[in-house]
Each structure stands twice: as structure tokens, then as C-alpha cells.
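Notes for the one structure printed next.
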Amino acid sequence: MPDKESMVEEDTNKRQDSLVKSGSVVSAMTMISRVFGLIRDMVIANYFGAGSGADAFFVAFRIPNFFRRLFGEGAFSQAFIPVLSEYKAHQQFADVKALVDRVGGTLGIILFALTVIGVVAAPIIIYLFAFGFAYNDEHEKLALASEMLRITFPYLMLISLTAFSGAVLNTYGKFAVPAFTPVLLNLSLIVCAIYLRPYLSEPVTALAWGVLIAGVAQLTYQLPYLAQINMLPLPRIDWQHEGVRRIFALMLPAMFGVSVGQINLLLDTLLASFLQDGSISWLYYSDRLLELPLALFGITIATVILPNLSARFAEKTPDEFSRTLDWAVKMVCLFGIPASVALIYLAEPLITALFFHGELTERDVVMSAYSLQAYAFGLLGHMLVKVLAPGYFARQDTRTPVRFGIIAMVSNMVLNLILIWHMAHAGLALATSLSAFLNAGLLFFGLKRSGVYRISKGWLWLLVRIILASAVMIGLIAWLNPDTSTWYDWKFWYRMMVLLLLCGAGVAGYVLALFVTGFRLKHMQH
């Protein structure tokens, strides 16, 4: 008979194989979504460039997105999934369904009230979050942003309920549907930008209508899948339900802790509104490219491990909990380090290949590349925050990440004020990156100090292999990459072909270098 240690190791490997499979599904869906996201941003850059109209839309879109992080897949999901997982593990089906019904109803009424306030107070909200528009006497831009916020703000309610549905589906192992849902937003924006734009007196408002249409489509899309698992909610407002009270008690501190990155982005937007025209758009385009690897690897891994960690905590298996965290951090380093290096080196070619057409100018490309390099420096920090925070939320500890988040946010504000003077919009991006590393470091040492996360063997050699392989990757890309100035002279499809060849060669060089240095998949396990 196999000994106990062998059985534990076999069980661990099975769990990690399950995580890899789930992660692969989410990653594939996320890749599809991000491809459409890039097409969306290319369409926006083509028709609206980085002018005042684009600046106004990005502000109007960023505000409901910020609140979405609080009431959607951010703080709410981090508080809801652990409690739902506990109910699923220890309660009857009727109790789980009752929890879903009551959380759906209570969350829905809060979101409805917030939406009404947001629509009515849109000019005040825009004034607060983009005060620089008023300070610079850009009253038309201020009025346009207010008009679009009235259209986009209901997206908060729709996408937060979509995230609620997605959290239920993720808890039941249905990862593909929530991961595919963002594609609908991208498709809606693309269609509205191309076909609705010509019929509007202010063409850029087509993007705002695209956001609202997408919210309806995303929520509607997930409802049949909830019905398949008998979890389609019948909303009930019940503030006294034990599960509802626990979720909202966990959610309140998590609202700040999870959303530090979004708060930092809003602070960047506020300060960028004081800078020259186009600064907000430059930050947007560079942030969108940062979001690709962050979503593909960091958010994908975090999405997969949170239900798993919650289940391990409910089962009282601390060793499995630690192994899952360790696996997640290893995966983040395996993908995050080379992605960060590649984004820094290929910043200008990437912006040129994807966005340099239509209304976007060469100067816009260069300025966007500066902020992309600054953002890319902190990619690993952002990814680590995504996978380390669930180590607290799965144990229903939302207070500790809040403390760390406050420290990181204050640091970001101080760094913003220091760096903006010499680096303008790129300084705002660099401040965000530095604060992400600070937040990740605090989360890591907090888990390690409490004994929740124990570092496995082989970490040093894994990092050495990753760094060496990343150096080989960049050396190969640098050898193949033509002079940056020539990218502007090429046609769109030729630029895309060269970019894909460079990326393909870089990935091949990285994988081959890892293999030559002795890396094997078993190194990702304990």
C-alpha cells in the first residue's frame, strides 16, 4: 500500500493538474477577450486618436469601472466566493440557493441606488475626478465627459451583477463563461464606433452607448448558464441573513484593499487632467497593453486559485493551502518576468504596430511608449498582488490587505507628486509601478510571517533559470528587431507581421533557454 506521504503528494499533484486545466481554459478565453480588446483599442485610436474627445470618454469610462472593482469582480467577489464556497461545502443545496437569492437582491438594490445617484450627479463626479478640465478652462471637454458619464454609469449596476453571476459560476467550476463575457464589451464598442458614430452629433458618444449596450448583453449572456446549475437567483432583499451580513462585513474593508490599483489609476487620471491634452489617452493606451499579460496570467491565476484556496481553508488543510499559493507565485514569476522585460523593450514598436493609424500621431506613439515602459516595470508587482491577496481573502481576512493597501496608496500619492514634475504622465505610471511592488512585498511578508505561506525548495534555481531565459529572449529580439524609426514607414499589416514574428521568436527563445538550463514542469510543484 502507498504510504501517507505518497498519497498526499499524489493528491497535491492532482489538485495542481486541476488548477492548470482550469487555468488553461480561463487563459484561452481571456486571450480571446484580450485580442478583441486590442482590436477595440485599435478602432478607438483610429477614429478618435488621443484628442480631447478620447480624453473625455476615457474619464467617463474609468469612473464606473472603478466602482465596478468595488461591487463587481474586485472586493465583492473576494468576499462572496469564500463564503459561498463554505456554504457549498457544509450546507444543503437549499441553503446555498437562499444565500445566492438574498445576496443578489441586496446587492441589486444597493447598485440601483448608486446608479441613480451617479446619473443625477454626473457633472459633480466628473468635476471631482477630472478637476484639471475645469482648471484648464476646458469646459466643453468637461460637459462632454459629464454627458457620457450619464450614459456609462448604469454599466456599474449591469457589470457588477454580471460579476456576481460569474462568481457563482466560478465557484461551481464553470470558469469559461465568465472569462469569455468581456468579449461582448469589446464587440459592442467596436460595432458602435464603426456603425453608430456617423449618426451622432458628437461621434465619440458612440463609445458611451457601446458600454451601456455591452452591460445588458454581458448580464443576459450568463443567466442561462446559472439556470443550468440551478443557481439562477430569485432576488430577495434580506439584510439580516447570516451569509449576507458576513459577505458585506468582509466586503467593506476589501473594497479599499482590492481597489488600490484602481484608486491609483483614478489619481493618475485626476493629475493627468492638469497635464497637456492627450495625457489621459496616452496613459490609457499604455495601460491597455499592460492589461494583456496582467489579465492573461495574473488575473487568470488569481481567478482559479481563489475558489481552491477557499475550499482548502474550509477543509482545514494548511499544507495544501500553502502549496497552492506557492504554485501561483511560481507561475506568476514564470510568465511575469519575461512579459515585463519584453514590454519595456518593445514599448514603441508595440504602440506603433497596434495604434499608429488614423487619428493617432507619431508624437502620441512616443508619449504612450514612455508610460508603457513605466507601467511595464511594475507588471510583476501587479501580478503578485493579484495572486497573494487571495491568500488573505480565502481565509476571510480582509483587514490586513486594507492596511497594506493604504500604505501603498499613500506611497503612490507621494511618488506621483514627486515624479510628475520631471516625467509628466510617465511619472504617474512609474509611481503606480513602485507602489504595486510595495503592496506585493507587504502581502508576501505578511503571509510568510504568519506561517500561511511557506516557500518551497528550488526557488533560487527557478529564478536563475527565468532570468537567464529572459536575457536570451531579449537578446534574440534585439538581434531581429529593425531600427524603431522604420516602423512608422511600414503599412499596418507589415508592422503586425514583424511584431508577431518578434514575439514568436522571443517566446521560442525563452522556452528553449528554460529547457536548456534544466527547467521542467515538475519544478512548479512542491
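Read-outs throughout are calculated quantities, based only on the coordinates presented, and are distinct from any laboratory measurement. From a predicted model like this one, the values you see are computed outputs, not experimental measurements. For neighbour counting, all protein chains shown are included, and Cβ atoms are generated from backbone atoms with ideal geometry for every residue, glycine included.
When the dipole is taken about the Cα centre of the stretch 27-452, and only Lys, Arg (+1) and Asp, Glu (-1) are charged at their Cβ, what size is it in debye, to the nearest 20?
Working: 27 positive and 26 negative charges, 259 e Å.
Dipole about the Cα centre, nearest 20: 1240 debye.
How large is the helix-only mean residue ellipticity at 222 nm for the chain, computed as the sum of -39500 (n - 2.57) over DSSP H runs with n ≥ 4, divided by its residue count, in deg cm²/dmol to the nearest 500? Don't jump to the answer; show the numbers that get you there.
On the way: 23 runs with 416 residues, N = 526.
It comes out at -27000 deg cm²/dmol, rounded to the nearest 500.
Measuring from centroid to centroid over Cα atoms, what is the spacing of the stretch 264-281 and the stretch 215-245 in Å?
37 Å
Among the trypsin sites (Lys or Arg not before Pro) in the stretch 429-526, which ones are in a DSSP loop with at most 11 other Cβ atoms within 10 Å of the Cβ? Mind listing them? Before the final figure, lay out the partial values.
Details: sites: LYS448, ARG449, ARG454, LYS457, ARG465, LYS491, ARG495, ARG520, LYS522; in loops: ARG454, LYS457, LYS491, ARG520.
Qualifying residues, ordered by number: LYS457, LYS491, ARG520.
Grab the chain and count how many Lys pairs have their alpha-carbon atoms under 17 Å apart, sequence gap of 8 or more, or different chains.
Total qualifying Lys-Lys pairs in the chain comes to 16.
Exactly which trypsin sites (Lys or Arg not before Pro) in the stretch 46-149 are in a DSSP loop and have at most 12 other Cβ atoms within 10 Å?
Values: sites: ARG62, ARG68, ARG69, LYS88, LYS97, ARG102, LYS141; in loops: none.
Sparse-neighbourhood loop trypsin sites (Lys or Arg not before Pro): none present.
Using just the alpha carbons, could you tell me how many Å³ per residue the convex hull of the stretch 111-214 encloses? Don't skip to the end; give the middle numbers.
Working: hull volume 11.1 nm³, N = 104.
Expressed per residue, the convex hull around the Cα atoms of the stretch 111-214 is 107 Å³.
Report Rg (one decimal) and Dmax (nearest whole number) for the stretch 328-381, counting Cα atoms only, units Å.
13.0, 41
When a/c reaches 1.5 or more, the comparison of a/b and b/c decides; with that in mind, is the stretch 319-418 rounded, prolate or oblate per its Cα gyration tensor? Spell out each step's value before the answer.
On the way: a/c = 3.27, a/b = 1.75, b/c = 1.86.
In terms of gyration-tensor shape, oblate.
Taking Rh as the Kirkwood radius computed over C-alpha pairs, what is the Stokes-Einstein D of the stretch 471-521 at 20 °C in a medium of viscosity 1.002 mPa s, expressed in µm² per second? Intermediate values should be presented prior to the final figure.
On the way: Rh = 12.0 Å.
Translational D for this selection: 178 µm²/s.
With the Cα gyration tensor of the stretch 288-370 giving a ≥ b ≥ c as the square roots of its eigenvalues, does the rule (a/c under 1.5 for rounded; else a/b larger than b/c for prolate; else oblate) give rounded, prolate or oblate? Mind dumping the intermediate values first?
Working: a/c = 5.79, a/b = 3.12, b/c = 1.86.
It comes out prolate by the Cα gyration axes.
Quick one: Cα centre-to-centre distance for the stretch 458-520 and the stretch 313-369, in angstrom?
Rounded to whole Å, the Cα centres lie 14 Å apart.
Out of LEU428, TRP461, ASN481, whose Cα points farthest toward the positive end of the dipole of the stretch 415-495 (charges: +1 Lys, Arg; -1 Asp, Glu; placed on Cβ)?
The Cα lying farthest towards the positive end belongs to TRP461.
Around LEU343, what is the net charge, scoring Lys/Arg as +1 and Asp/Glu as -1 over all other residues with Cβ under 13 Å from its Cβ? Don't skip to the end; give the middle numbers.
Values: positive: ARG288; negative: ASP287, GLU291, GLU348.
Overall, the nearby charge balance is -2.
I need the shape label for the stretch 428-526. Rule: rounded when a/c is under 1.5, else prolate if a/b > b/c, else oblate, with a, b, c from the alpha carbon gyration tensor. Walk me through the numbers before you get to the answer.
Details: a/c = 3.47, a/b = 1.61, b/c = 2.16.
The shape class here is oblate.
Please grab the % of Cα pairs in the stretch 87-135 that end up more than 14 Å from each other. Could the numbers behind the result be given before it?
Values: 790 of 1176 pairs.
Result for the distance tail: 67 percent.
Can you divide the C-alpha Rg of the chain by 2.2 N^0.38 Å and report the result to two decimal places? Present the calculation step by step, with values, prior to reporting the outcome.
Numbers: Rg = 22.8 Å, N = 526, 2.2 N^0.38 = 23.8 Å.
This ratio for the chain stands at 0.96.
With point charges of +1 on the Cβ of Lys and Arg and -1 on the Cβ of Asp and Glu, referenced to the Cα centre of the stretch 339-422, which listed residue (ILE407, LEU354, MET367) lies farthest in the positive direction of the dipole?
Value computed over the given set: ILE407.
How many angstrom lie between the C-alpha centres of the stretch 106-147 and the stretch 372-451?
What the calculation gives is 27 Å, centre to centre.
Loop-only GluC sites (Glu not before Pro) in the stretch 99-189, please: DSSP not H, G, I, E or B, and at most 10 other Cβ atoms within 10 Å. Walk me through the numbers before you get to the answer.
Working: sites: GLU138, GLU140, GLU147; in loops: GLU138.
In loop regions of the stretch 99-189 (DSSP not H, G, I, E or B), there are no sparsely surrounded GluC sites (Glu not before Pro).
With labels modelled as points extended 7 Å from the Cα through the Cβ direction, what inter-label distance (nm, one decimal) is found for VAL410 paired with PHE274?
2.1 nm
Compare the Cα positions of LEU200, VAL211, VAL168 along the charge dipole of the chain (+1 at Cβ of Lys, Arg; -1 at Cβ of Asp, Glu; about the Cα centre) and return the one farthest towards the positive end.
The residue sitting farthest along the positive end of the dipole is VAL168.
Say each of GLU202 and TRP239 gets a label point 7 Å from the Cα, pointing the same way as Cα to Cβ; how far apart are those two points in nm?
Here the answer is 3.7 nm between the modelled labels.
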